[in-house]
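Only one structure is covered here, and it is reproduced in the block below.
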Amino acid sequence: MRDDIVVFLGPTLSETQARTYLDAIYRPPVGCADVVRAVAEYAPAAIVLIDGVFGELPAVRHQEILWAIARGVRIYGAASIGALRAAELAPQGMIGHGLIYRWYRRHPLAEDADVTVPMAPAALGSRALGDALIDIRLTLKKAERAGVIERRLRGDLETLARGLHFSERSFSRLLTAAENNPGPAGQLQALKAWLKTGVTSRKREDAVNLLTYLADRKIKIPKKRHLHAFELTESFANDMEYYNMIDSLLSKGT
């Protein structure tokens with residue numbers, strides 16, 4: 001097992017599936033202070049962010065990612081919150097991977113909810129309980145190219161999907177909403193049948209591609225600190241609630 005890489009993931013890809021591409025240290029979706037904890041517990045050469053918590057729990061903070069980068073840990077991101085943070089922190093050294101990352105880099109004002117899905121608790125495997133808007137949109141484009149639906153219906157369905165709150169967003173709810181609105185019933189029935197085998201997940205593809213990319217690469221911790229040196233502030237220490245752990249890490253010179 002690669003004990004030099006820590007991967008945070010959940011609904012995008014199960015740990016069992018992920019291990020077929022990269023046998024590393026796997027943790028549930030990342031939240032506030034988890035990057036600091038991973039550095040303290042595992043001293044990894046790299047940390048991979050794919051999925052993360054949100055809403056009821058604090059999300060992973062930009063500051064802790066910068067803190068880890070400043071200590072020589074390579075931080076990769078893809079697919080979900082990993083792609084978001086990588087797009088935001090690329091100038092500071094976070095490494096993004098995949099189409100979704102590149103999309104957020106080109107469209108910095110795009111909504112976070114485009115990749116967000118409701119998920120089960122970590123104890124139940126953090127499995128997805130819905131579908132991400134970006135996967136719905138790409139699947140609908142695929143259906144249009146396959147001749148299953150026409151462009152106008154695709155646009156109407158995308159508008160309906162965006163109107164659903166992310167916690168309620170799924171292909172089944174989208175089709176239900178569409179059936180309650182005037183539209184081409186024949187195309188909707190054809191789409192419903194096609195979706196049984198035609199659904200695509202760009203989030204999953206980006207995650208798999210990143211894990212595959214890392215599988216055969218030896219990652220070295222740079223001897224020099226990153227150019228964007230991180231300044232430890234009282235605010236950061238308060239946010240992380242890890243005064244003692246951070247002081248210990250700093251005293252060891254990590």
Taking H as built 1.01 Å from N, whose amide H comes closer than 5 Å to the amide H of Arg61, not counting residues under 5 places away?
Ala33
Which of the three applies to the stretch 1-118, rounded, prolate or oblate, going by the alpha-carbon gyration tensor with a ≥ b ≥ c and a/c under 1.5 meaning rounded?
rounded
Based on alpha-carbon centroids, what's the gap between the stretch 1-59 and the stretch 91-144 in Å, whole number please?
17
Stretchable slack from Leu57 to Ala40, in nm (0.36 nm times residue separation minus alpha-carbon distance):
4.0 nm
Whole-number accessible area per residue in Å² for the stretch 18-58, which is evaluated in the context of all protein chains at 1.4 Å
39
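Do me a favour and compute the ellipsoid semi-axes for the stretch 61-165 from its Cα gyration tensor, root of five times each eigenvalue, largest one first, whole Å.
30, 17, 11
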GNM result for the chain, Cα springs below 10 Å: residue of Thr139, Thr212, Thr16 fluctuating most strongly:
Thr16
Can you tell which of Ala215, Ala207, Ala87 shows the greatest fluctuation in a Gaussian network model of the chain with Cα springs below 10 Å?
Ala215
Label-to-label distance, nm, for residues given as Tyr213 and Ala193 (7 Å Cα→Cβ offset):
4.0
Relative contact order (%) - criterion: Cα under 8 Å, at least six apart; region: the stretch 1-68
41
Value of relative contact order over the stretch 104-200, rounded to a whole percent, pairs C-alpha under 8 Å and six or more apart:
28
Obtain the nm distance between the two label points defined at Ala90 and Arg19 by a simple spin-label model: each point lies 7 Å from its Cα along the Cα-to-C-beta direction.
3.4
To the nearest 20 debye, the chain has a Cα-centred charge dipole, built from +1 on Lys and Arg Cβ and -1 on Asp and Glu Cβ, of 1020
How large is log10 I(q)/I(0) at q = 0.21 Å⁻¹ when the Debye formula is applied to the Cα atoms of the stretch 142-228, each weighted equally and without solvent?
-1.06
Between 0 and 90°, nearest 10: helix 202-215 axis offset from the chain longest Cα axis:
30
Modelling each spin label as a point 7 Å along the Cα-to-Cβ direction, I'd like the Glu168/Arg127 distance in nm, to one decimal.
2.4
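In Å, the Kirkwood hydrodynamic radius of the chain over pairs of distinct alpha carbons? List each step's numbers first, then the result.
Values: mean 1/r = 0.0517 Å⁻¹.
With all distinct Cα pairs of the chain included, I get 19.4 Å.
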Amide proton proximity set for Ile75, modelled H, under 5 Å, gap of 5+
Ile47, Ile95
Would you please give the residues with an amide H less than 5 Å from that of Asp23, counting only those at least 5 places away or on a separate chain, with H modeled from the backbone geometry?
Arg2
The stretch 113-206 - charge dipole about Cα centre, Lys and Arg +1 at Cβ, Asp and Glu -1, debye rounded to 20:
180
What value, in deg cm²/dmol to 500, does the helix sum -39500 (n - 2.57) over DSSP H runs of n ≥ 4 give at 222 nm once divided by the residues of the chain?
-13500 deg cm²/dmol
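The values are calculated or read from the model by the stated rules, or taken from the named source; none is laboratory data. Please read these numbers as outputs of a predicted model, since none were measured by experiment. All Cβ positions, even for glycine, are placed from backbone atoms using ideal geometry, and neighbour counts span all protein chains on display. Ligands, DNA and RNA are stripped out before the accessible areas are found, and what is left, the full protein with its side chains, is counted by its heavy atoms. Shrake-Rupley method; radii C 1.70, N 1.55, O 1.52, S 1.80 Å.
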